[in-house]
Structures are given as C-alpha cells and as structure tokens.
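Remarks on the structure that follows.
The values are calculated or read from the model by the stated rules, or taken from the named source; none is laboratory data. In this text, all values refer to a predicted model and were calculated from it rather than measured experimentally. Here the Cβ positions follow ideal geometry from the backbone for every residue, glycine too, while neighbour counts run over all protein chains shown.
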Amino acid sequence: GVKDIIKDIRSRRVVTKLILGHNDLGDDGCITLFDYLCSEEGRGYRIEEISLNSNNIGDRGLAAIADYLRDNHALKSLLLQGNAFRGDPEVVTRFAEALNSSSLEMLSLATNTFLSDPFISRFLPALHARHLRELHLTLLNITNRSMDPLIHYLISPHCRLRTLRLNGNSLGAHAVGQIIRAVTVSNYNLTRLEMLGNFSPVPGPGPDGVLDEREFNALAQWPAREKELKRVMERNDYLARMREKEALSLLVLARRVLLRSRRSDAESLVPQQDATSMPRLPTELKLHIMSLAAPRLSNAQCLRIFAYAADPETLP
C-alpha cells in the first residue's frame with residue numbers, strides 16, 4: 001500500500017523516479033502520498049519523473065497532485081493515464097495553474113475517458129505552461145466540440161508544445177482538417193501531431209439522421225490534408241533544428257563578449273582586441289548586434305541566452 005511506498009522512499013537517500021502504475025492507490029492513497037511529498041522531508045527528494053497510470057485516482061487525488069506540482073521545478077515528466085478523473089471545474093483550473101507555475105515538460109492524461117469536451121474547454125484556455133513540450137490527450141472521448149479550444153491553444157503564444165497526441169478520439173474529419181490548417185498557418189513549434197483514429201472512412205448520418213455534408217467534404221479532402229500535415233511537420237522540424245543551431249552559436253558568442261565585459265569591468269583593464277572584442281558600447285547595443293547572428297530566435301529567446309551566458313555559475 002501507500003505506507004509501504006512512503007517507507008521505501010524514506011529508506012533511500014536519492015529518489016529521482018516514482019514508477020507506481022497499477023497500484024490502485026485511489027484518491028485516499030494519492031492524497032497520502034502527495035501529502036508526504038509536499039512535506040519538508042518529501043521536498044528534499046528532487047523527483048524528475050512520476051508515473052501513476054491506472055491507479056483509480058479521481059479529482060480529489062488530482063487536486064493533491066496539483067498542490068505538489070505548484071512551483072515545482074524538479075519534476076519533468078508526469079504520467080496520469082488510465083485513471084478516474086471526472087473534470088471538476090475547480091480542480092481542472094487548480095491543476096492548470098499549478099502546471100503554469102512548474103517546469104513540467106511532459107504530461108500524459110491519455111485514456112481518461114470521463115474527461116471529454118468539458119475538460120478540454122476548461123483546461124486548454126487556462127494552460128500557459130511555458131516549459132510544457134509534450135502533451136498526450138489520446139482516448140479522452142473528445143469530439144468536434146473541442147475543435148475551437150484546441151485550435152485557439154495551438155495558435156496562441158502560450159503553446160510551446162513539440163508533441164501533441166490526440167489519437168483515438170472522435171474529432172471527425174472536418175475538425176482534424178481545421179486543426180491541421182491552423183497549425184500550418186500559425187504554429188511553427190509543433191513537430192509531432194498525432195490524430196489517428198478520429199473518424200470513420202465512411203461517414204455515417206448525424207444525430208438527425210442526415211449525412212453531415214461538411215464531414216463528407218472533409219473526408220474527400222483528407223488525402224491532401226494528410227500530405228499537408230506531413231509537410232508542416234517537416235517544416236517545423238527543420239526550423240527547430242535551425243533554432244537550436246543558432247542558439248548554440250549565439251551562446252558561444254555571448255559567452256565571450258559578456259563574460260569578457262564582466263571581467264574587464266571588475267579589473268578596470270582594457271581588454272585585448274580580437275575577433276570577438278567590441279568597443280565600449282552600451283550593453284543594449286551589444287545585445288542587439290549579437291542577436292543579429294540568430295534571426296530565427298525571438299527576442300525573449302535571445303534574452304534568455306544572454307542571461308545564461310553572462311552568469312559565470314553556468315560555466316561547465
């Protein structure tokens with residue numbers, strides 16, 4: 001039980017992963033576990049990955065997970081697939097806000113079929129997690145009612161995802177096509193978008209017994225949409241590799257310029273002129289000149305690189 005899990009954690013000096021799938025913790029066990037992890041002793045463990053798949057955890061347990069996740073900059077991966085979340089509005093908002101304050105990079109909510117469209121309509125508009133790179137929403141019983149929240153999130157500046165999995169839902173061909181179109185036009189970060197098994201190759205009648213003409217037309221256009229998705233993923237993958245290359249080059253340049261400037265100021269000496277030396281220009285102008293070496297990076301990305309490069313504590 002959960003007491004044995006906590007006892008096992010306390011017996012170890014270092015714990016970086018908690019793989020606890022299929023333990024049937026339920027809400028009470030989950031709350032007990034995360035109460036311990038939120039304690040002063042529990043916070044001493046820099047846990048990077050937690051897997052709680054198939055534990056019959058409901059909304060009360062999810063609220064306890066949210067409390068642990070809030071301002072947590074150690075945890076990178078959280079796997080919560082196959083539980084019993086119901087999507088209580090207050091808990092969903094609390095969980096999203098905790099995500100926003102964390103450094104979590106990967107979240108799986110797959111096969112939580114009770115969540116469905118109401119969860120998507122509350123969760124995605126509240127999600128501003130700038131570190132989140134991978135999100136799994138497979139088999140959540142999502143329908144075309146979730147099309148607008150999904151599109152609004154994917155085209156918003158808050159979305160930093162590289163991978164989004166929406167397999168095995170019921171979005172329909174029209175919604176899938178609209179999502180692909182939105183990513184093509186407005187999202188240059190996503191490199192893997194999975195939406196398999198979201199519609200039947202032969203459209204059936206709608207709720208009123210009449211064939212949905214929009215769905216029928218979307219199915220006819222599906223081969224073209226499929227090719228479009230492949231092209232846009234290749235485009236974004238290329239851009240991601242170019243941004244990484246530019247970021248590394250900019251870091252090397254910024255190290256030499258900014259650390260040299262700090263040393264020169266501290267020692268009140270005139271630095272030796274070489275290929276990377278700059279005259280005594282204002283710092284803002286130096287940063288602007290260096291940013292020209294990385295045209296694919298945003299101003300915010302450049303500033304983060306400059307801050308990292310100027311800190312001697314980040315040297316290997």
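For region 76-116, a residue qualifies if it is among the aromatic types (Phe, Trp, Tyr) and either more than 19 Å from the chain's Cα centre (by Cα) or not assigned by TED's automatic domain parsing to the domain that holds Tyr153 (or both), and the qualifying residues are Phe85, Phe114. Per the conditions (1) modelled with pLDDT of 95 or more; (2) of a type in the set (Ser, Thr, Tyr); (3) more than 15 Å from Gln81 (Cβ to Cβ), the sole criterion not satisfied by Thr138 is (3). Can you confirm whether region 214-225 contains a residue that is at pLDDT 90 or above and among the charged types (D, E, K, R)? Yes, there is a match, as at least one residue in region 214-225 is at pLDDT 90 or above and among the charged types (D, E, K, R).
There is no residue in region 12-31 that is within 16 Å of Met106 (Cβ to Cβ), in contact with a Leu (Cβ under 6 Å, 6 or more places away or on another chain) and not in a loop (DSSP other than H, G, I, E, B). Inspection of region 246-255 finds a residue satisfying the criterion of being surrounded by 16 or more Cβ atoms within 10 Å (Cβ to Cβ), modelled with pLDDT of 85 or more and farther than 30 Å from His158 by Cβ.
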